[in-house]
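Undergrad: Here you go, one structure.
The values are calculated or read from the model by the stated rules, or taken from the named source; none is laboratory data. Model, not experiment: these values are computed from the prediction. Positions of Cβ are generated from backbone atoms using ideal geometry, with glycine treated the same way; all protein chains shown enter the neighbour counts. Please note that ligands, DNA and RNA were not included when accessible areas were found on the heavy atoms of the full protein model with its side chains. Shrake-Rupley method; radii C 1.70, N 1.55, O 1.52, S 1.80 Å.
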Amino acid sequence: MVRKAQLISTNGQPEFGYFPDGVETINYLDYDLRSTMDKPLGAFAKHFKFNQFQFIGFSSQSLLIGVAIVDLKWLSNAFVYCYDVQTQQFEEFSFLQPLALNTRIETQPGQGKALFRKGANYLSIDASSQPGRRLVEVQLKQLQLTACIDESTTYQPLAVCTRAGYQGWVFTQKATALSCNGQLKWQNRRYDLQALNTLACVDWTAGYMRRETFWNWGSLSCFLPDGRRLGFNLAAGVNETGFTENALWLDGRLIKIAMVDFQFDRYQPDTPWSMVSSDGILRLQFEPQGRRQEKINLGLLASNFTQHFGRYSGQIQVADEIIQLEGAWGFSEDHYAKW
């Protein structure tokens, strides 16, 4: 694997499109950022307009975990939630930091660290300590998680940079159905991720995003009955200017998917979703079983966020094979943001 060294070229502009081997550094301070009236903007604007976040999802037929660190410069946010399928226990923890205090997300998607701390609460996502491994650590009074995600074998992330509005851009690197191991201590129980056949998805995103934006998202990581790993990442509403971030992975092999149509009722959150790709590869239904919601309205910044966890059913056609899903656990999301 030979990663592109930097996203921003010597002319101050990003390279748009797909990067099969990824990008080593998102050197955003080299971007020629300008206003909509073409006025060059300085270091202050470059810093505070640049958004970054990482989301890690762990899923099995027994347990789902979501972990996120978000750096919006004026504000940072971190959250963790867990759902036990058998007991239907759900618990979430969310933290905010003004001016992104004690928050750091390095600009290397495949090698950097992301850190968040508030009081005794600590979250980290570290892709640099062990090459080919992404280490996740969460230390809260009520919950402790240590996990290792394998990015060393059959690893083909989807890395793409697209235009965002008149003068922005977004880079995202994603992968699903990644092998992992680790331990969760929660609700006076210990969960062994590997023993539960847990798989992970990773979302690393950064850029000068639209001032107001939204997206719908779907993600799956599961084992098929024959033991193969299947995952997908689907999105609509963002990162669709010439390219998409829609893809599936079958035993680590990346297969691109065309545009995906999301149909759901925002105001009836327990009703099923439909996700259908324009190329006929995917015809899926998602049935929510629970959700994490958060509404933040600070004037300058706002977020109306709903992330569901639930079951996927339907058909996926890969070459001459039709894969039938029957209740595989995954995630979906409906999100409005102003930043």
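Undergrad: Say R0 is 30 Å: what FRET efficiency, to the nearest 0.05, do F223 and S274 get from their beta-carbon distance?
TA: The computed FRET efficiency comes out at 0.80.
Undergrad: List, largest first, the extents of the alpha carbons of the range 123-200 along their principal axes, each in whole Å.
TA: Result, largest extent first: 51, 31, 22 Å.
Undergrad: Still on this model: Quick one: pull the percent of accessible area on the range 17-83 belonging to carbon and sulfur, 1.4 Å probe, ligands and nucleic acids left out.
TA: 60
Undergrad: Accessible area per residue for the range 256-317 in Å², computed with a 1.4 Å probe and the full protein assembly in place, what is it?
TA: So the range 256-317 comes to 52 Å² accessible per residue, rounded to a whole number.
Undergrad: Kindly provide log₁₀ I(q)/I(0) values, in the same order as q = 0.16, 0.20, 0.22 Å⁻¹, from the Debye equation applied to equal alpha-carbon scatterers of the range 80-169.
TA: -0.88, -1.10, -1.14
Undergrad: Take every Cα pair under 8 Å in the chain that's 6+ residues apart, average their separations, divide by the length, and report that relative contact order as a whole percent.
TA: 12
Undergrad: How would you rank 284-294, 34-44, 105-115, highest first, on the average number of other Cβ atoms within 10 Å across their residues?
TA: Output ranking for 284-294, 34-44, 105-115: 105-115, 284-294, 34-44.
Undergrad: Let me ask you something else. In the range 161-254, if every C-alpha pair distance is counted and binned at 10 Å from zero, what percent goes to each bin?
TA: Percent of Cα pairs in each bin: 15, 37, 26, 18, 4, 0.
Undergrad: If N is the number of residues in the range 1-106, what value comes out of its Cα radius of gyration divided by 2.2 N^0.38 Å?
TA: 1.42
Undergrad: Heavy-atom accessible area per residue, the range 32-168, 1.4 Å probe: how many Å²?
TA: Heavy-atom accessible area per residue stands at 43 Å².
Undergrad: In whole Å, what is the distance between the alpha-carbon centres of the range 1-71 and the range 301-318?
TA: 23
Undergrad: Is there a quick way to get the dipole size of the chain? I mean about its Cα centre, with the Cβ of Lys and Arg at +1 and of Asp and Glu at -1; what is the value in debye to the nearest 20?
TA: 1020
Undergrad: Related question: By the gyration tensor of its Cα atoms, with a ≥ b ≥ c the square roots of the eigenvalues, what is the shape of the range 225-325: rounded for a/c under 1.5, prolate for a/b over b/c, or oblate?
TA: Prolate shape, in that a/c is at least 1.5 and a/b is the bigger ratio.
Undergrad: Who wins for biggest fluctuation among R229, R283, R189 in a Gaussian network model of the chain, springs between alpha carbons below 10 Å?
TA: R189
Undergrad: Okay, next question. Before rounding to the nearest 500, sum -39500 (n - 2.57) across all DSSP H runs of length at least 4 in the chain and divide by the residue total; then give [θ] at 222 nm in deg cm²/dmol.
TA: Only helices count here, giving -500 deg cm²/dmol.
Undergrad: Rank-order 62-71, 320-329 by packing density, defined as the average count of other C-beta atoms within 10 Å over each peptide's residues, highest first.
TA: With the highest mean Cβ count within 10 Å placed first, the list reads 62-71, 320-329.
Undergrad: Any chance you could list the semi-axes, whole Å, largest first, of the equivalent ellipsoid that the Cα gyration tensor gives for the range 1-58, using √(5λ)?
TA: Square roots of five times the eigenvalues give 24, 16, 9 Å.
Undergrad: Take a quick pass over the chain and tell me how many lysine pairs come in under 18 angstrom between Cα atoms, counting only ones 8 or more apart or on separate chains.
TA: Summing the qualifying lysine pairs gives 14.
Undergrad: Can you order the peptides 150-156, 239-245 by their average number of other Cβ atoms within 10 Å per residue, highest first?
TA: Going from most to least packed, we get 239-245, 150-156.
Undergrad: Further question on the same structure: Projected area of the chain, taken from the Cα convex hull and averaged over every viewing direction, in nm²?
TA: 16.7
Undergrad: What percentage of the solvent-accessible surface of the range 193-287, computed with a 1.4 Å probe over protein heavy atoms, is contributed by carbon and sulfur atoms?
TA: With neighbouring chains kept in place, the figure for the range 193-287 is 51 percent.
Undergrad: Let me ask something else. Between the range 256-275 and the range 79-127, what is the separation of their alpha carbon centroids in Å?
TA: 27
Undergrad: Sketch the reach of a paramagnetic label on A319 as a point 7 Å from Cα along Cα-to-Cβ, and name the residues of the range 140-157 whose backbone nitrogen lies under 20 Å away.
TA: In the range 140-157, the label zone of A319 (backbone N under 20 Å from the point 7 Å along Cα→Cβ) covers 154-157.
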